[in-house]
Amino acid sequence: MNTFSFRSFGFDDTNHLAARWNAACGANLAINARFVAYNTRVPTGAIQAGRIALRDDVPIGFILASALPNDPQTSPREVGWIDALAVAPEFQRRGVGGELLGWAERWLREQGCARARLGGGLCPFAPGYPTELGNVEFFTRRGFVERIGSARVWDVARDLINYPTIQLSKPPNDLTIRLAAHDDTSSLLEFLAREFPNRWYYEYKEFLRTGGRITDYQLLLTRSVITGFARLTFEDSERPIERFYMHGLPRPWGQLGPLGVSKDTRGKGYGRALLDATLNHLRDQGVRGCVIDWTDLVDFYRKFGFTPYREYAMLAKNL
């Protein structure tokens, strides 16, 4: 009989967790200790807990769960997240993963959560289950089901080395697109609170709290008023770019998203203009491999030369 012990983990375990994840998920989904440290830094208002499985005091797997119990504007209070689960290949199919998952589900219930989402947390390891890992049945056998209406999302990617300016059918003539500056900090906060008061507003507040670089936001303005934004991630950004699993793309790497425009400008070509200008900016900064993550708008981004790069199954379970 195989016997394993379990313990909580802390900041000092980041290298162990990265090693276990990389062994379980492979080179295409590899992470590093900086990424683990970022994802185990508890966001404002959130609660987080995890367990490491040990065999002869050697870490062989881990799980991380989190919840946001008192901020229903950002996420429903009844929803929690299974942020990450990884078991070393030689110890898979021995009950380790199932025991870790059972602990996380119990912990989420104790926090008042009635539903657990796989991935997609406030500091996500992934939006959902990376289908390339080929073992979605591990979760479906344990009661997880695909999200109705949008069971899959994708990361899309392209090489920007020869990115051309897209010819817009109706180029808006009353807009300015530029990088955000320090003086825009409050105006962008007000814009997001009004137009995107849920997760994107929360993420921007966290970005400011943790010292993010304001020029990692691109702004769209009409008559000097912010009416759109795009967030960028570079290899030296506060948010680790390893989160987007760029390993199959040429370097330097860059990421784009989220991106949004105000309600009163949608359908007028403003979003396309912002996306085009932002891709040109990334190219001009030397970025080659570019990912737009966590989207189901594959056909829209295909018009800009992006193709599916990674697929995720969106799974959840009633607790």
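The values are calculated or read from the model by the stated rules, or taken from the named source; none is laboratory data. Every value quoted in this text rests on a predicted model; they were computed, and no experiment measured them. Note that we place each Cβ from the backbone using ideal geometry, even for glycine, and neighbour counts take in every protein chain shown. We work out accessible area using only protein heavy atoms, side chains counted, and drop any ligands, DNA or RNA first. Shrake-Rupley method; radii C 1.70, N 1.55, O 1.52, S 1.80 Å.
State the extension gain, in nm to one decimal, for the chain segment bounded by GLU235 and ASN318, taking 0.36 nm per residue of separation less the distance between their alpha-carbons.
Values: separation 83, 0.36 × 83 = 29.88 nm, distance 3.76 nm.
Answer, rounded to one decimal: 26.1 nm.
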Taking springs between alpha-carbon atoms closer than 10 angstrom, which of VAL261, VAL58, VAL287 fluctuates most in the Gaussian network model of the chain? VAL58
Just to confirm the filter: which trypsin sites (Lys or Arg not before Pro) across the stretch 146-225 are DSSP coil and have at most 12 other Cβ within 10 angstrom of their Cβ? ARG223
Between ASN173 and VAL298, what is the FRET efficiency for a Förster distance of 51 Å, r being their Cβ-Cβ separation, to the nearest 0.05? 0.95
Using a Cα distance threshold of under 22 Å, what count of lysine pairs results for the chain when pairs must be 8 or more residues apart or interchain? 5
Local electrostatic count at VAL79 - Lys and Arg +1, Asp and Glu -1, tallied over other residues with Cβ under 14 Å: +3
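On a full-extension model of 0.36 nm per residue, what is the gain between ALA181 and ILE148, subtracting their alpha-carbon distance, rounded to one decimal in nm?
Working: separation 33, 0.36 × 33 = 11.88 nm, distance 4.04 nm.
Going from the current span to full extension adds 7.8 nm.
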Mind jotting down the distance between the C-alpha centroids of the stretch 295-319 and the stretch 87-160, whole Å? 16
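Can you give the local net charge around GLY50? Use residues other than it whose beta-carbon is closer than 9 angstrom to its beta-carbon, Lys and Arg +1, Asp and Glu -1. Provide the component values of the computation, followed by the final result.
Working: positive: ARG51; negative: ASP13, ASP83.
Combined, the nearby Lys, Arg, Asp and Glu give -1.
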Of ASN70, ASN173, ASN135, the most mobile residue in a GNM of the chain (C-alpha springs, cutoff 10 Å) is ASN173
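Please report the net charge: other residues with Cβ closer than 14 Å to the Cβ of GLU242, K and R +1, D and E -1.
Within the 14 Å Cβ shell, the charges total 0.
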Just to be sure I understand: with springs between alpha-carbon atoms less than 10 Å apart, which residue in LEU232, LEU179, LEU192 has the highest mean-square fluctuation in the Gaussian network model of the chain? LEU179
Taking Cα atoms, how many degrees apart are the long axis of helix 199-209 and the longest axis of the chain, rounded to 10 and kept between 0 and 90? 90
Per the helix-only calculation at 222 nm, which mean residue ellipticity applies to the chain, given -39500 (n - 2.57) for every DSSP H run of n ≥ 4 and division by its residues, nearest 500 deg cm²/dmol? -7500 deg cm²/dmol
Excluding ligands and nucleic acids, what accessible area in Å² is computed for SER66 using a 1.4 Å probe, to the nearest 10? 10
Sorted by chain and then number, the residues having a modelled amide H within less than 5 Å of the amide H of GLU235, at least 5 places away or on another chain, are TRP253
